[in-house]
Amino acid sequence: MSARVDHAVSSGTFSLDGETHQVENNLWVVGDDTECVVIDAPHSVEDILALVGERTVKAIVCTHAHDDHVRVAPALRERVGAPIMLHPDDRPLWELTHGDAEDPGATLWDLDLADGQEISVGGTVLRVLHTPGHAPGAVCLYAPDLGCVFTGDTLFAGGPGATGRSFSDRPTIEASIRSRLLALPDETVVHTGHGEDTTIGAERAGLEA
Ligand SMILES: [Zn+2]
């Protein structure tokens, strides 16, 4: 049974720095017929469970901790009994949504993501690339066997993710993309956090300029 990627779009809000925006997030589930990994948990547990079906969820992997990527992660964990994985550098963003040490209702993620870590699922592997810039703990997940990379909000069709808000940094995201994503083969399909797919090759010209 070979691994595949399942996709849907989920609608909700993104809030930071006192502003709230309506957003649509991509949902990505990677696995075979038996088990899967959920990439990001935006707005609706039910939307995610519809993609998961009867499969066992091995992990809920967060590309970063903006609220439109982690809001229902704890609720999904309750339903499927899988650990939430996040890069620890995104703790300040996580705490904005799920509380800090001062807050009795706070909840944390379960396992830290680290650069170079490999997450095995359904006979394939997701390799963690730490790509700070959009958020300090932003990661991309490269699936070499599937020829794709899940970039969260680090790279979109048309260029880098936003860096205008708190905890973001433009030179840092540019360095991350240049050193980590442009190192991938041109034909690598880029599955983004919002909007259409692209490829590394299609984005390379604009990014190297
Ligand atoms: Zn974001």
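Here are some notes:
- Residue check for Ala106: surrounded by fewer than 17 Cβ atoms within 10 Å (Cβ to Cβ), under 15 Å from the mean Cα position of the chain (by Cα), among the small types (Gly, Ala, Ser) and farther than 21 Å from Asp47 by Cα: no
- Within region 110-133, the set of residues being in a loop (DSSP other than H, G, I, E, B), within 16 Å of the ligand (Cβ to nearest atom) and touching a Lys or Arg at 6+ places or on another chain (Cβ under 9 Å) comprises Thr131, Gly133.
- Close pairs from region 152-175: first within 22 Å of Val38 (Cβ to Cβ), partner in a loop (DSSP other than H, G, I, E, B) and more than 10 Å from the ligand (Cβ to nearest atom), Cβ under 7 Å, at least 6 apart: Thr154/Thr131; Thr154/Gly133; Phe156/Gly195
- Among the residues examined, Gly116 qualifies as more than 12 Å from the chain's Cα centre (by Cα), at positive phi and open to solvent by 20 Å² or more (accessible area, probe 1.4 Å).
- When residues of region 178-199 are limited to those that are under 29 Å from His43 (Cα atoms) and among the acidic types (Asp, Glu), the one surrounded by the fewest Cβ atoms within 10 Å (Cβ to Cβ): Glu196
- Conditions (1) within 23 Å of Val125 (Cα to Cα); (2) more than 16 Å from the ligand (Cβ to nearest atom); number of the one not met by Glu46: (1)
So that you can scan it fast, the table gives a plain yes or no per residue for (1) surrounded by 14 or more Cβ atoms within 10 Å (Cβ to Cβ); (2) of a type in the set (A, V, I, L, M):
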| residue | (1), (2) |
| --- | --- |
| Asp33 | no, no |
| Glu46 | no, no |
| Ala50 | yes, yes |
| Asp68 | yes, no |
| Gly81 | no, no |
| Trp94 | yes, no |
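- In region 66-98, residue farthest from the ligand (Cβ to nearest atom) [restricted to those that are outside any helix (DSSP H, G or I) and more than 16 Å from Pro136 (Cα to Cα)]: Gly81
- Flag for Ala101 being modelled with pLDDT of 95 or more and out of contact with any Pro (no Cβ under 8 Å at 6 or more places or on another chain): no
The values are calculated or read from the model by the stated rules, or taken from the named source; none is laboratory data. Quantities reported herein were computed from a predicted structural model and do not represent experimental measurements. Neighbour counts are summed over all protein chains in view; Cβ atoms, including those assigned to glycine, are modelled from backbone coordinates with ideal geometry. For accessibility, only protein heavy atoms count, side chains too; no ligands or nucleic acids. Shrake-Rupley method; radii C 1.70, N 1.55, O 1.52, S 1.80 Å.
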